[in-house]
Structure formats: structure tokens, C-alpha cells
Amino acid sequence: MRVPIVRPTTRGAVLLAVGVGLLVTAYVAREPSLVGVGVLLVGLVLVALAAAWLGLPRLRASRRVTPSQVEAGRPTNVELSLAARGVGVPALYRLDDRLPPSFGGAQALDVPMPARQPIRVAYQCRPLRRGRFRLDRLTVAATDLLGLAQRTTRLRADASVLVTPPVLPLSAARRQVSGTSGETPIPQTAISGPDDVLVRDYQPRDDVRRIHWPSTARAGHLMVRREEQAWDPTAWVVLDSRSAAHGGAQVTSASFEWLVTLAASVGAHLLDAGYVVSIADAGARTFSSRREHLQPRQAWLEHLVDSRLSPETGLGEATRMVSRETSGHLVVALLATLDAADAAQLVDTADANGGWVLLLDDAAGTSRVPAGGGHTDGGLDQGLRILAAHGWSVARTAPGTDPSGAWQRLGVRAAATGVWS
């Protein structure tokens, strides 16, 4: 708690000025009758200031935020507890909680006189963007009943809040990937579970000893075992964090925040579907849910809270991270811009089945071009052709719109090639 500041209010300052003016006039004009009135007004303000400094109780405060982790755009409740140390003269109390603008802005509350038992006030706020927030700027202003003097106190009432990117609903989209045996694509184990036997349709010259009768009974036609070992579906998300791709922004931008929201939504969707999900950005920052055994979804969102722009001009660092993994994983690239070089780096990260790309559009429906050039329409068209030639599916989505349609289009296009289900 800082040293309290005591000063006259506007009303007190006016009375003090009038009182001093009357005393000066009485001295100059030799009017003794004005002295009494001047002394009364000046004395009244001075007594109010002394009472505010000595008579008002010292305060202590605490703060509780529930929940302490919330998605951007969702409401959270702030509860403040205020108690007095000792008993003081009656006063009017006003509490000013100066929250960051992105957390809802300042909150001003009138509270009754604190007693030995804490009084509690609560309000709801809605953080607008992701981040790690520390709430501690709490000010209490106490004014005497005549409104002549005010004591302002800065109190410590710390609380930390983690605001994660919002998770938008996406339509179901399931991938099939080729196994190392070279057989027909196998379904992801999110359907049957990683401990179940993996099966496929019976083909001529298959060994009848591999027929899996329980699956045959369920499907109504012959099914054979593919392999005995369990397989865990794996997905990589490539996040376009290049500063140049977002108009040269230094800290963040609306387009980058939208890509982070897409990354949160895609990752949560794949985690819920049973995937092990990893992410790599242009600055080579990576994260894998494989290391999170208890709450991988929460850990995924917490990682994205700290996502930031990178001075890198290409996707090489991110794609090299993904390329080191074994083949057969799903790659989802979230891009602000695309050219031939980006496409060439992406195609090296996936097998012949390709991957998915969500590409940002502006209001006109064309891909964004970073400030200073570097990505032309011709480069975009060439990049799209490279991706299409390698089996990649591309869908465009505009910032601030529902991405579920673009996500569904990716699944429909990929299913037409017979690679996705």
C-alpha cells in the first residue's frame, strides 16, 4: 500500500479559496465582520483534511478472479474484498479498479464503509485478447460526508489471469493415412481406439487366417487384420508467424491473432479426435501434446498464449521441424500469405497424401500481400498449383468469419481424391 494522498475536493477547494479571499478582503478593506466568515470556511476545510488523514481507517484489500483461466471473449468474475483496520469517521467510499483496456477497462464502484468484517463487491468483465494479465491497480477514494476532503489510497490486490485464444467449433473431418506396410489407407484410431485391432476390407489373395470375424460381423463383409501393433494418429500444425506476412507488424496484428485462434481451434479439434498434435511456427518454436499426459488441451492453449511474431521471412525453420518426423502424419498449415517458395517447403513435410492449408483472405476475397511486396498474385497461383500437384487441399477463410465452412471444404476436397474419409 502506498502513502495515502489527502487533498480537498472541488467543493473544498472552492470554500478554501472563498475563505482566503474573505480574509484578504477583510485585511485590505478593514472589515472585521468578514474575518469570522473567512476563518470559518478555512477552518472547515482544514478540519475535513485532518479528519481524512487521521480519522479514516486504514484499508486492506484482496482480489479473486474466477475462473483464473478463460478464453478470450468469455466472461470472468472479479471479486474484491475490502476491510478496515480500526474504526474511523463515516465517509463515502469509491473503489476504482483500473483494469487493462483489453480486459474490459476501468471499473468504478461505490461501496459502503468497510468494517472489521470484509465487505465484498463483484463484477463481471470480458477479456478481449489472449495474454497473461496481472491485476493489481486498485484505488480507493474516501470522501467525508460534507464532500470537502478526499483521501486516495493505492492498495495491493494482486491476481493473475490467463486468457487463452478462443476455440471455435469445427465440423468433423477424419483423415486416413498410409501405413508403412504400403497397404490401403487405414482409418485413424480415434474411431476405434488405439488398442483395437486395425482392419481393412478383404482383398483377393489375402490370407484367410487374417480375417477378423468380429469386424466382419459388424461390417457385413469380410474384414482382415492389417497389423498387430497399435498406431497413434499424429498431426502437425504449421503457424505462419512471419512478421512480413502480417504487414510488418512488430508485436501482433489482427491477422496473426486470427491465425492463433485458428491454431487453437484446429489443435483442440484434433486433440478431441484422438490425435497427438504438435505445432511449429516460423521462429522454430515447437510444442507437442505427446508430453502432456493429463490435460493436453489446456497445455495446447497455454502454449498459444505466448505465440508471437518472428522476424523470419520464410517457413523453412518450421517445415524442417515437421520434416524430421516420420511419414504418415497429418499436416495443417495456417498461412497469412503463400507463394511458390512457401509451397515448395510445405510439400516436403507430408507424404504423397498431402496436407491441408487454411489461407487467409482479406475482405475482397484475395490473399493478403505483405507490406513491401514479396508475394504477388502470380506467386500465389504458382504456389497453389504446386500444392495441388502434391495432393494438398487449400481453403480460404477471412479473419473474423466462421472457419467451420473452410474446414469442411478441406475435408470434401480431400475426400474426392480418395485419401480422406
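The values are calculated or read from the model by the stated rules, or taken from the named source; none is laboratory data. Computed from a prediction, not measured in an experiment: that's the story for all the values here. Cβ: placed from backbone, ideal geometry, glycine included. Neighbour counts: every protein chain shown.
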**Count - residues of segment 21-66 that are surrounded by fewer than 17 Cβ atoms within 10 Å (Cβ to Cβ) and within 30 Å of N77 (Cα to Cα)** = 4
**Item:** Subset of segment 11-20 that is under 55 Å from the mean Cα position of the chain (by Cα) and buried (at least 18 other Cβ atoms within 10 Å of the Cβ) - its residue that is nearest to A142 (Cα to Cα)
**Value:** G12
**Item:** Tabulated pairs, segment 228-249, first among the charged types (D, E, K, R), second at pLDDT below 85, C-beta under 9 angstrom, 6+ apart or interchain
**Value:** E228/V197; E228/L198; D232/T189; D232/P194; D232/G274; D232/R290; R242/P370
**Asked** Would you pick out the residues in segment 250-292 that are touching a residue at least 60 places away in the same chain (Cβ under 8 Å) and of a type in the set (D, E)?
**Response** E257
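Can you find a residue in segment 180-197 that is assigned to a loop (DSSP other than H, G, I, E, B) and at pLDDT 80 or above?
Kept after step one, since they are assigned to a loop (DSSP other than H, G, I, E, B), are these residues of segment 180-197: 180-185, 188, 193-197.
In the following step, the residues that additionally are at pLDDT 80 or above were identified as none.
No, there is no match, as no residue in segment 180-197 is assigned to a loop (DSSP other than H, G, I, E, B) and at pLDDT 80 or above.
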**Message:** Among the residues of segment 92-101, what is the count of those that are part of a strand (DSSP E or B) and either modelled with pLDDT under 80 or within 15 Å of A157 (Cβ to Cβ) (or both)?
**Reply:** 4
**Item:** Residue check, V177 in contact with a Leu (Cβ under 8 Å, 6 or more places away or on another chain) and modelled with pLDDT under 90
**Value:** yes
**Asked** With G104, G43, G147, G55 as the choices, which residue is under 30 Å from L262 (Cβ atoms) and not hydrophobic (A, V, I, L, M, F, W, C)?
**Response** G104
**Request:** Specify which of the listed residues (A141, A84) is at pLDDT below 85, assigned to a strand (DSSP E or B), over 32 Å from the mean Cα position of the chain (by Cα) and surrounded by 15 or more Cβ atoms within 10 Å (Cβ to Cβ).
**Result:** A84
**Item:** R30, sole failed condition from (1) modelled with pLDDT under 85; (2) more than 27 Å from L145 (Cβ to Cβ); (3) among the basic types (K, R)
**Value:** (1)
**Request:** Sort out which residues of segment 315-354 are in a loop (DSSP other than H, G, I, E, B) and modelled with pLDDT of 90 or more, and write them in order of number.
**Result:** L315, A336, T337, L338, D339
**Prompt:** All but one of (1) over 30 Å from A282 (Cα atoms); (2) at pLDDT 75 or above; (3) surrounded by 12 or more Cβ atoms within 10 Å (Cβ to Cβ) hold for E227; which doesn't?
**Reply:** (2)
**Prompt:** Within segment 260-274, can one find any residue that is modelled with pLDDT under 90, among the acidic types (D, E) and assigned to a loop (DSSP other than H, G, I, E, B)?
**Reply:** no
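Can you work out which of the residues in segment 51-81 that are within 34 Å of the chain's Cα centre (by Cα) and among the hydrophobic types (A, V, I, L, M, F, W, C) is nearest to A264 (Cα to Cα)? Let's see the steps before the verdict.
At the first step, the residues of segment 51-81 found to be within 34 Å of the chain's Cα centre (by Cα) are 60-81.
From the residues that got through so far, the ones that are among the hydrophobic types (A, V, I, L, M, F, W, C) too are 61, 65, 70, 72, 78, 80.
Numbers: A61: 36, V65: 23, V70: 13, A72: 11, V78: 25, L80: 32 Å.
Ranking the qualifying residues of segment 51-81, first place goes to A72.
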**Fill in**
The residue that is nearest to L59 (Cα to Cα), considering only those in segment 109-132 that are assigned to a strand (DSSP E or B), in contact with a helix residue (DSSP H, G or I) (Cβ under 7 Å, 6 or more places away or on another chain) and not small (G, A, S), is C125
**Fill in**
Checked against (1) within 24 Å of the chain's Cα centre (by Cα); (2) modelled with pLDDT of 80 or more; (3) surrounded by 15 or more Cβ atoms within 10 Å (Cβ to Cβ); (4) not basic (K, R), G104 satisfies every condition except (2)
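In segment 1-10, what residues are surrounded by fewer than 16 Cβ atoms within 10 Å (Cβ to Cβ) and at pLDDT 90 or above? Show your work before the answer.
The first filter runs over segment 1-10 and keeps only residues surrounded by fewer than 16 Cβ atoms within 10 Å (Cβ to Cβ), leaving 1-3, 5, 7, 10.
Residues satisfying the conditions are R7, T10.
Report yes if some residue within segment 47-60 is outside any helix (DSSP H, G or I), under 30 Å from V121 (Cα atoms) and modelled with pLDDT of 90 or more; otherwise report no.
There is no residue in segment 47-60 that is outside any helix (DSSP H, G or I), under 30 Å from V121 (Cα atoms) and modelled with pLDDT of 90 or more.
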